[in-house]
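Peer 1: Let me begin by handing over the structure; questions about it come next.
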């Protein structure tokens, strides 16, 4: 409904020859993605009594559960473990929820795909945009908590902006590719969820990557796992008041751009086949 409304609005505002072919400009596509994201967020909030409050309550409950397990039961010796866990878990939730939602977004919107001609990457990108809006709210409250508790370090907080930009690139690349493979075989949806669970345990969400004794193992873990690099970078900025390692961040940026480039190229090649594949089931 939101997509049809927005396209109808574009038809009233722009020359008919462009809109009959749905040759929307980049700005118009970005507007469409943002409109879809906001529409789904409002619809999602209306389904629950607590509405938007779940944006904060859900990650808080996750953090509370893992804090009880790893701090109170397993007696983690990490200093200020609650804040350490919160930074890692919130970073992971942004990545995991965005990728999982993006992976099923094209399949979920098959009804719209059968009615309008639109680039299919709009749907996973709208799902990713939803995750970005949630993260902005959650991050704001995390910063307030760190400020009030006196546990945060404020020297390099402005580095959060480029770090979030790099994470957005990574999420976009992974999310677009995940949505594409699910279009071909829905079974990949289960594999993606299992992969996300695997990353939960190997990315340093509950433990410190820098505590790995073997320097070579530690470096390869950070190089091969972009999410581990991101989580460590957020902790460096927010909790330790230091800059992330520039060599690792350069590798992370290259990895994110590579994944995003592959995803964009794949959608250009398979654009018409995506709809046929989804609608044939």
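Rule-based calculations on the coordinates, nothing more; no lab input. Quantities reported herein were computed from a predicted structural model and do not represent experimental measurements. Methodologically, a virtual Cβ is constructed for each residue, glycine included, from the backbone with ideal geometry; neighbour enumeration extends over all protein chains shown.
Peer 1: Nearest 10 degrees, 0 to 90: what angle lies between the long axis of helix 188-202 and the longest principal axis of the chain (Cα atoms)?
Peer 2: 20 degrees
Peer 1: Now for a different question. Please label the shape of the range 178-281 as rounded, prolate or oblate, based on the square roots a ≥ b ≥ c of the eigenvalues of the alpha-carbon gyration tensor (a/c under 1.5 means rounded; beyond that, a/b larger than b/c means prolate, else oblate).
Peer 2: Note, shape of the range 178-281 comes out prolate.
Peer 1: With equal scatterers on the alpha carbons only and no solvent term, can you work out the Debye log10 of I(q)/I(0) for the range 130-225 at 0.22, 0.24 1/Å?
Peer 2: Per q value, in the given order, log10 I(q)/I(0) is -1.30, -1.30.
Peer 1: Between residue 185 and residue 216, 0.36 nm times their residue separation minus their Cα-Cα distance comes to what?
Peer 2: In short, 7.4 nm is gained.
Peer 1: Using the alpha carbons of the chain, what is the convex hull volume per residue in cubic angstrom, as a whole number?
Peer 2: Hull volume normalised by residue count: 151 Å³.
Peer 1: Could you tell me whether the range 223-281 comes out rounded, prolate or oblate from its Cα gyration tensor? Rule is a ≥ b ≥ c as square roots of the eigenvalues, rounded for a/c under 1.5, then prolate if a/b exceeds b/c, otherwise oblate.
Peer 2: Taking the square roots of the gyration eigenvalues as a ≥ b ≥ c, the range 223-281 is prolate.
Peer 1: On to the next question. Quick one: helix 2-13 against the long Cα principal axis of the chain, what's the angle to the nearest 10°, folded into 0 to 90?
Peer 2: It is inclined by approximately 60 degrees.
Peer 1: Which of the peptides 70-76, 107-113 is most tightly packed, and how do the rest follow, judged by the mean count of other Cβ atoms within 10 Å per residue?
Peer 2: Per-residue mean Cβ counts within 10 Å order the peptides as 107-113, 70-76.
Peer 1: Working from Cα positions, state the angle (0 to 90°, nearest 10) between the long axis of helix 246-279 and the longest principal axis of the chain.
Peer 2: The answer is roughly 30 degrees.
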